[in-house]
1. Mind telling me which of the residues A:Ile199, A:Ile280, A:Ile237 ends up being modelled with pLDDT of 80 or more, of a type in the set (Val, Ile, Thr), closer than 30 Å to A:Leu311 by Cβ and outside the structural domain of A:Ala44 (by TED's automatic domain parsing)?
2. Taking B:Gly138, is it in contact with a His (Cβ under 7 Å, 6 or more places away or on another chain), free of Cβ contacts under 8 Å to residues at least 12 places away in the same chain and of a type in the set (Gly, Ala, Ser)?
3. Which condition from (1) touching a strand residue (DSSP E or B) at 6+ places or on another chain (Cβ under 7 Å); (2) more than 24 Å from B:Leu150 (Cα to Cα); (3) of a type in the set (Gly, Ala, Ser) is the one that B:Gly64 breaks?
4. Step by step: first the residues of segment B:287-324, then only those that are in contact with a Gly (Cβ under 9 Å, 6 or more places away or on another chain) and of a type in the set (Gly, Ala, Ser), then the one that is modelled with the highest pLDDT. Which residue is that?
5. Does B:Thr153 satisfy the condition of being within 14 Å of chain A (Cβ to nearest Cβ) and either out of contact with any helix residue (DSSP H, G or I) (no Cβ under 6 Å at 6 or more places or on another chain) or part of a strand (DSSP E or B) (or both)?
6. In segment B:156-172, which residues are assigned to a loop (DSSP other than H, G, I, E, B), farther than 19 Å from B:Leu34 by Cα and more than 11 Å from every other protein chain (Cβ to nearest Cβ)?
7. Go over the candidates A:Gly142, A:Gly153 one by one and state the one that is crowded, with 21+ Cβ neighbours inside 10 Å and away from chain B (no Cβ under 14 Å).
8. So B:Thr193 passes all but one of these: (1) closer than 26 Å to B:Gly241 by Cα; (2) part of a loop (DSSP other than H, G, I, E, B). Which condition number does it fail?
Amino acid sequence: MGTALSVPAQTQSARVRAQGSGHTIQTAITIISIVLVGIALIPALVQMFLDKPLYYPDARFTIQNIVALVSDREVTATFGATFLFCSIVVLVSMALGTSSAILIGRTDLPGRSAFLAILLWPLFLSPQVIGFGAILAYGPAGLLTIWFSDATGLTEPWNLYSVPGMAVVAGIAATPVTTLYCLTAAIQQDPNQEAAARIAGAGSLRILFRIILPIMRPALIFAFIMNIVNALETLAIPLIIGGPVGIKLLTTLIYDKSFESAGLPQYGLVSALAFALMAIVGVLFFLQRLALRQSHRFVSVGAKSIQPKMLALGSWKWPAFLLMAVYVVFGVVVLVGAVFARSLTFILSPDVSFFDAVTLQHYSDVLSVEVYRRSILNTLLLAVVGGALGTAFVAAVAMVAQRSNYRYRRVLDAVAQLPRVLPGLVVGLGVFYASMFVPGIDLLRNTIWLVLIAYLIRFLSSGYGIVSPALLQITGDFDRAAKSVGAGWTTTMTRIVLPLSKQALLSCFVLLMILIIKEYSSAVFLMAPGSEVIGSTMLSLWTQGLAGPVAALAVMQIVLTSILTSIVTRILGVKLHG
Amino acid sequence: MADVVVTDLSRHYGSFIALDEVSFDVKDGEFLTLLGPSGCGKSTTLASLAGLDRPTSGKISIGGRTVFDSESGIFIDAQYRDLGLMFQSYALWPHMTVYKNIDFALELRKIRGAEAKQRIHETLEMVDMGAFVSRYPGELSGGQQQRVALARTLAYRPQILLLDEPLSNLDAKLRERARLWLSDLQRRTGVTTVYVTHDQSEALALSDRIIVMERGAIAQIGSPEEVYERPATAFVADFVGASNLFEAILETDGLGSGKITLSSGQKLTVEGPINLPSGPVIVSVRPEKIELSAAPDKQNVLAYELEARSYLGARNLAVVKVGSQSFRVECDTIPGTPNGLLSIPETEIRVFPTAEAGGRRSH
């Protein structure tokens, strides 16, 4: 009897211990997350109420920075341009993205899969590269601009260096993401819902507008808000296209104010601007939640017993094909092609034969000049280390937030989603401040590890957005089964849940690598000799007018992304879209 | 209301033949069921009728109008066929209320205003869903969605009603009720109905006629009684009602009747006329036709050994062994003894040629 009792007592205490160790880890993960996000937010928050940079001993409290948001001429002048810019970006991206998604996912458009493959290229390109491509192809001296005016006789057929000009480019850069959001929704629709409408007597157009589009509404709302957020916080394209002609948006103003050559950088105003940006983004996300909560649970049950054909375009087939081809060629292929061509030539102009101008000089520069080479290696290092560390961190956060009964798991869930509303510039600024005051972090100043911290904060939500839904799809019965055989939380997570979520974690790793290679805006405040990344080097070369090496670096960025993603996708068999 | 004539309908997917020259007709107001296992071609047939899939060859006419004819190249799209199709997944449009789901087809037919309203309410009352007009599909249970889906196909009074396994997403109890209700509704509306299912009890309970399909071809067409009592092939015997199927050797006496020899060497007499030559055959016996605890002087008496028993509620199922041959037997009571005598009435034994189930019925 005595032994019979002591055995369960032992397992009982072992189980309590296991739970206890789980609790410690859960608390640690939560604290680390709060500290990281706090790093990005608190110094900037304090700075907002100070009249001089935070590190000045005589800095005093002021609300002048906030007042300046509505009174400063220079600030208020950006509002109109920013609004126009965002409207056009969203319009272009939504129109192109939604129609591509429906044409590819739902209709019998010829060459659908080829279109999709090309259309998604820009996902792997940083907006900077797209901006460079746009200038090389459609700028005043761009190849296509000149060809077009020669062919039509129109001088200056369009003006890239304008708010609409750069907005269209930013919209094209944002289109693939919109396509992806909508494509999933388009493909996942029960094809029988369309067939049912057809049986009821509806034609293709009516099915499109009455059935397909409305059912996609949640995805459309989501894509719409994400597009506004993206347009609001985009820095690279307004900076390289709008910068030289003095067009200022909210983001470029923040950038300019931080790097003002004359006098003190206006960090207080910068913080206030950054928080204004954040507040707008925050409100938008709130609206999105509100809008999506009202949408009814879109259910479809059971197996698809009849697999109907894709929606027939009929006589619209070839016009639609033509439109898609125009978009893909002029919106994707030309932009990328211009960058490639420029990287291989001294000059890119209709007056000079491509073969006369061909050179490998830019590549040899990029690989031999110390600064260039270092920025490539730094980017590679950050991508691999940051991707791995970030994935591990995201996994830990997701498991506490989604699969534990930790007391503050809802708080952690909110913290993990918070960086989504933090524009890259704000994160960079926060980490920059932290590096001046927080003991420990200051040791990392001027190294790429500081950049790494900024990236981890910046992309926490992106990774979490992949891993957390995947975890939700794994039934909790697995955990309960593990618990029933005596496993504690930590054991259950590492032995059961982690292996089951392998696919999602690998996708997260790939996504983080791609994002890090492309990232630029959160790194601009943290650059120092020795800690350059490709994005920052490209920008400084561009301002020096060295378009050749910029193009070569851009190609290296593309190549780096392709190699890293194909290694992971081929070898580990990760599906990228899904 | 209309009748349907299908002539030599084939559907090929590359080298795979999903439908092989299938011909049948559906009479005006008839309830016809296409029954078969998955992959037998029943859903392909339904999709061809609906106009959702273009067959490779053949001809379909509905209500006297040719909707598909491979020779003259006619193919009327689903949109213009004026049919009602109810999907296994219901395919209710999630962004529309119950009312709007039904109204959509009426709108396309320019039925508006008071008449539309009246029709929608009428149809919803018919399926007992009148109280749910303003709900969204996501707010309904599976059984309620099924009713709305049916109302949606009935409201615009289609020429024929096509039902694709409409009950398979319901739980067993609900399915039984829905079956009665569906059958009642069909008789009341009198709409010509083509029903696809793999569930033989649904087919037997609902249909005026059943078409049993196997591997893209029709195995038998007949009333539920015919299909059950006089299966045309071993496949039909097995698929409808799960017969005991076994091999045996047939000896005919030249006068039409004969004897079969089981693998254990025991002989059974079979009532004639038998149109098969002597030799190996497949024998089918319904489980409920075998009688346990038989008197020794009955026909075709065999000694058995009780192997297993299971209680089904209203009936009992016994598995008994005769030599090396197992039989499933359904009966009211199972004798308590492990051994006994069973009898198989000679009228209940069907013999089929061994060359796979495609051969003609012999008995």
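1. Just a single option satisfies the conditions, and that option is A:Ile199.
2. No: the conditions fail for B:Gly138.
3. That leaves (1) as the condition not met.
4. Per the stated criteria, the residue is B:Ala303.
5. Here the answer is yes, as B:Thr153 does meet what is asked.
6. B:Arg157, B:Asp171
7. Result: A:Gly142 is the single residue among A:Gly142, A:Gly153 that is crowded, with 21+ Cβ neighbours inside 10 Å and away from chain B (no Cβ under 14 Å).
8. Every condition holds for B:Thr193 apart from (2).
The values are calculated or read from the model by the stated rules, or taken from the named source; none is laboratory data. Treat the numbers as computed from the prediction; the structure is a model and nothing was measured. With ideal geometry, Cβ positions are generated from the backbone for all residues, glycine too; neighbour counts draw on all protein chains shown.
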